[in-house]
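The values are calculated or read from the model by the stated rules, or taken from the named source; none is laboratory data. Just so it is clear, the structure is predicted and the values come from calculations on it, not from any experiment. Positions of Cβ are generated from backbone atoms using ideal geometry, with glycine treated the same way; all protein chains shown enter the neighbour counts. Only protein heavy atoms, including side chains, enter the accessible area calculation; ligands, DNA and RNA are left aside. Shrake-Rupley method; radii C 1.70, N 1.55, O 1.52, S 1.80 Å.
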Amino acid sequence: MRHQIQAIMLSIYMNSAKNITYQAMSESDFQAVIELGNLVHGSGYVNEQEIVDWHKKGLKDGINCSYVAYDGDKLVGFRITYSPGTWQTDQWYSPELWKTKLEDTAYFKCNTVDEHYRGYGIGSKLLSLSKESLMAQGAKSGVSHLWRQSPGNSAVLYFSKCGGELVKDHPGKWYEDSVNGYDCTICGHDCDCVAAEMIIYF
């Protein structure tokens with residue numbers, strides 16, 4: 001009986017995944033993005049002010065490189081991406097190790113998929129859409145920080161499958177965020193998770 005129920009649920013998710021629609025992120029998506037982001041990554045991951053700033057950094061030359069995925073009216077995934085020239089590096093970046101210049105490099109800020117919709121290519125599709133928009137903006141690469149402590153190291157594996165190359169590991173990248181209110185799903189308010197700095201060349 002349990003196997004029958006699991007089969008039915010899997011069928012529902014598979015059929016649902018086939019009906020996913022994708023669109024450029026807009027202000028009307030903000031609240032749903034905040035809710036899903038905080039649910040998946042931990043309370044305090046993103047707030048109303050931050051989502052406005054994140055979205056703005058993805059706009060350049062009339063092109064939006066951040067996308068959302070919906071199953072009907074339900075937000076099931078989003079990809080936040082910064083356009084080249086709209087963001088700055090700090091100690092957690094290694095531009096001297098990149099093959100592209102900073103001004104030609106985008107930043108893949110966040111990829112989030114509802115846990116019930118994972119494994120159906122939603123994250124890869126969102127990344128592909130962002131990449132197409134970035135190339136139209138003139139970007140030659142996109143760098144990101146991937147969560148090493150994701151279940152089964154899935155974040156790094158997914159990004160690698162999409163062409164990502166490891167640049168450098170950064171332990172403690174999210175520690176300051178955690179003591180300032182971010183509640184890491186693993187470490188709580190004392191986050192010591194490792195960020196894998198990775199880059200995709202277009």
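Summary of values
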{"quantity": "Accessible area per residue, Å², the chain with all protein chains present, probe 1.4 Å", "calculated": "52 Å²"}
{"quantity": "VAL167 long-range amide H proximity, modeled H, under 5 Å", "calculated": "GLU197, MET198, ILE199"}
{"quantity": "Disulfide-incompatible cysteines by the Cβ rule (no partner under 4.7 Å) in the chain", "calculated": "CYS65, CYS110, CYS162, CYS193"}
{"quantity": "Cα-centred dipole magnitude for the chain, charges only on beta-carbon of K, R (+1) and D, E (-1), debye, nearest 20", "calculated": "820 debye"}
{"quantity": "Rounded tilt (10° steps) of 30-41 against the dominant C-alpha axis of the chain", "calculated": "90 degrees"}
{"quantity": "Cα-based shape type of region 161-202, given that a ≥ b ≥ c are square roots of the gyration tensor eigenvalues and the cut on a/c is 1.5", "calculated": "prolate"}
{"quantity": "Residue-by-residue Karplus 3J(HN,Hα) for region 166-181, coefficients 6.51, -1.76, 1.60, Hz, glycine and proline x", "calculated": "5, 9, 5, 8, 10, x, x, 4, 9, 4, 4, 4, 5, 6, 9, x"}
{"quantity": "Cα centroid separation, region 129-202 to region 73-94 (Å)", "calculated": "10 Å"}
{"quantity": "Derived scalar couplings ³J(HN,Hα) [region 149-163; Karplus, 6.51 cos²θ - 1.76 cosθ + 1.60; whole Hz; x for Gly, Pro]", "calculated": "8, 4, x, x, 6, 4, 4, 5, 5, 4, 5, 5, 4, 8, x"}
{"quantity": "Relative contact order (percent, whole number), region 44-97, Cα cutoff 8 Å, 6+ residue spacing", "calculated": "31 percent"}
{"quantity": "Signed unit charges on C-beta, dipole axis of the chain, positive-most listed residue SER133, PHE108, SER178", "calculated": "SER133"}
